[in-house]
Amino acid sequence: MKENKIYLPQTTLTQRTYYKKDIFSSCLFVFVRGKILIGFFLLINFSVFAQSINLEQARELGLINSRSLARYEMQIRSSILDERSQLYSMLPQISAGYSASMHFLKDWQFINPIDEFSIGANISITQIIFQGGKSFVQKAIAEIATESVRIDARNEYFNVIDSVDNAYYSVLEAKAALEAEEMSLQAAGIGYSIAEVRQMSGMINQGDYLKALADKEARENSRNQARRNLTMSMNKFKSLIGIDENLELEQISFDNYKNLIQHLGTISDEQADALFDIFWELIISSNPALAKAALNSERAKKNYSIAKRDYAPTISATLFSTDMAFLPSFRANGSMGVTLRGTIPIDFWVLTNRLEKSRISRDSTNIDYANTENSLEHELLNSLFNLFSQAGTVLSSRRSLEYTERHFEYVMQRYRLSQSSVSDLNDATSLFINSRNSLNRASYSFLQNLSKLRALCAIDDEAELLDLLMLR
């Protein structure tokens, strides 16, 4: 029996990313921009040739077509500017002014305006000397805000890839379902042709003939529905990659991970526990949602620290030049000096209220982190169980398809020899087509769960994911 072909997506994304500040700062959008350049040339190529596309190319195009990723890039740039603004606020503040004046009336007597003409200028430099360390904490909060946006962008990056993968698999699954319905319609057409000849020769009654005709019409309707499903799946896929051309998607090779499905479909409890531990460690170090929750908790702690520092006085110094007038004789007279200013807060009821609010916010983010961790733990469990279940379903569906195909061929042969009825052929055809569709659904569901696990653990290199699942 010829085996259905389902290909495991391969990728060239080899960079592992952990949620640390230096890695995010230097790698994330340099990496994405490189993908955009590659995707630009792919887009030109498809606009010219518009023929076939593979999964890796679809991912590239999905990334460059994602408006959300482009928006995150702008948000990162904006957040970096906020960081600079906070840094600049710690530097000396320089201001300058100028003035010019002349008088034409003095003691109610007209005078020569030139005699009273003067030009003045002033300049001041103000530096905060002591603020209880609030400036440095605020700078750290600005850096956390930038890091948080980077994590959101990283999360969206994997969401885009997961969406493209699912859309790609949906198109292939719909195409396989259409092929199954075409086969079913062909079998019904053969059955109807034979029934028509036998009805004309009086070998079968009118009821069997009408049943064969009804079966043919029903299967033709199912075929038409499968065509519509394929069109809808293809339209969704095209909208994700930003191409409105006639595309032919390359098939997924099931041979690339036949061993993986065999392994996961018959996995032991000890091996399943080992896989959970491995992937949980990856989630702790790499999952965007957990990293975002950790940053939110850190930011709340910084805000609480600022609220406590509000009790500290603020001291600033100003180096100033004032009343520097340039008279007509071009003599300059003015003054320069240094001024120290200090402010001491005395509205302690306001500060105490603000401090308590910051403390509540800090405790709330700690709870959010624990909830996120608990949610991810359940999500990982479900993802792994789904993989195990779908792998087992693929194995059983494969055996079922083999048996139902042999049964269909047996019944079809008996029907040709007038040893089976129209109902027998209809039942055998339905059983065979259902088994084939079950195998396709289980196979592509397995791929979709694999993509979801990849996004959950933020694994760039898919080959690494497969090795981990094989416990290598």
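Bear in mind that the values in this text are calculations on the coordinates, not laboratory data. Since this is a predicted model, take the numbers as computed values, not measurements. Virtual Cβ from ideal backbone geometry, glycine too; neighbours counted across all protein chains shown.
Observations on the model:
- Amide hydrogen proximity for residue 460: with H placed 1.01 Å from N in the peptide plane, the residues at 5 or more positions away or on another chain lying under 5 Å are 17.
- Table column - 3J(HN,Hα) (Hz), segment 206-219, Karplus curve with 6.51, -1.76, 1.60, x for Gly and Pro: 5, x, 5, 5, 5, 5, 5, 5, 5, 5, 4, 5, 5, 6
- Charge dipole (segment 373-472, unit charges on Cβ, about Cα centre) - positive-most of 456, 431, 384: 431
- Anisotropy class of segment 113-216 from Cα gyration tensor, a/c 1.5 cut: prolate
- When every Cα-Cα distance of segment 234-320 is counted in 5 angstrom steps from zero, the calculated P(r) takes the values 3, 9, 8, 8, 8, 10, 12, 11, 8, 6, 4, 5, 4, 4, 2, 1, 0 percent.
- Lysine pair number, Cα distance threshold 23 Å (strictly under), segment 174-277, separation 8 or more or different chains: 4
- Overall form of segment 21-469 per C-alpha gyration tensor (a/c, 1.5; a/b vs b/c): prolate
- Residue order, fewest to most surrounding Cβ atoms within 10 angstrom, among 108, 280, 349: 108, 349, 280
- Rounded to the nearest 20, the Cβ-based charge dipole of segment 50-193 about its Cα centre (Lys and Arg +1, Asp and Glu -1) stands at 560 debye.
- Charged-residue dipole, Cβ positions (Lys, Arg, Asp, Glu), segment 21-469 about Cα centre, Debye nearest 20: 1020 debye
- The phi torsions of segment 398-413, fed into the Karplus equation with coefficients 6.51, -1.76 and 1.60 and a -60° offset, translate into couplings of 5, 5, 4, 5, 4, 5, 5, 5, 5, 5, 4, 4, 5, 5, 4, 5 Hz, rounded to whole numbers, with Gly and Pro shown as x.
- Residues whose amide H lies under 5 Å from that of residue 253, counting only those 5 or more places away or on a different chain, are 7, 8; hydrogens are built 1.01 Å from N in the peptide plane.
- Amide H contacts under 5 Å for residue 122, placed H, 5+ residues apart: 97, 98
- Sequence of 446, 117 once ranked by neighbouring C-beta atoms within 10 Å, starting from the fewest: 117, 446
- 3J(HN,Hα) along segment 240-256: 6, 9, x, 10, 10, 10, 6, 10, 10, 7, 5, 5, 9, 7, 6, 5, 5 Hz, from the Karplus curve 6.51 cos²θ - 1.76 cosθ + 1.60 with θ = phi - 60°, whole Hz, x for Gly and Pro.
- Summed side-chain charge close to residue 452 - residues other than residue 452 whose Cβ falls under 11 Å, Lys, Arg +1, Asp, Glu -1: -2
- Rounded to the nearest 20 debye, dipole of segment 242-293 from Cβ charges on Lys, Arg, Asp, Glu: 200 debye
- Anisotropy class of segment 56-149 from Cα gyration tensor, a/c 1.5 cut: oblate
- Fewest-first sequence of 103, 378, 263 by Cβ atoms within 10 Å of each Cβ: 378, 103, 263
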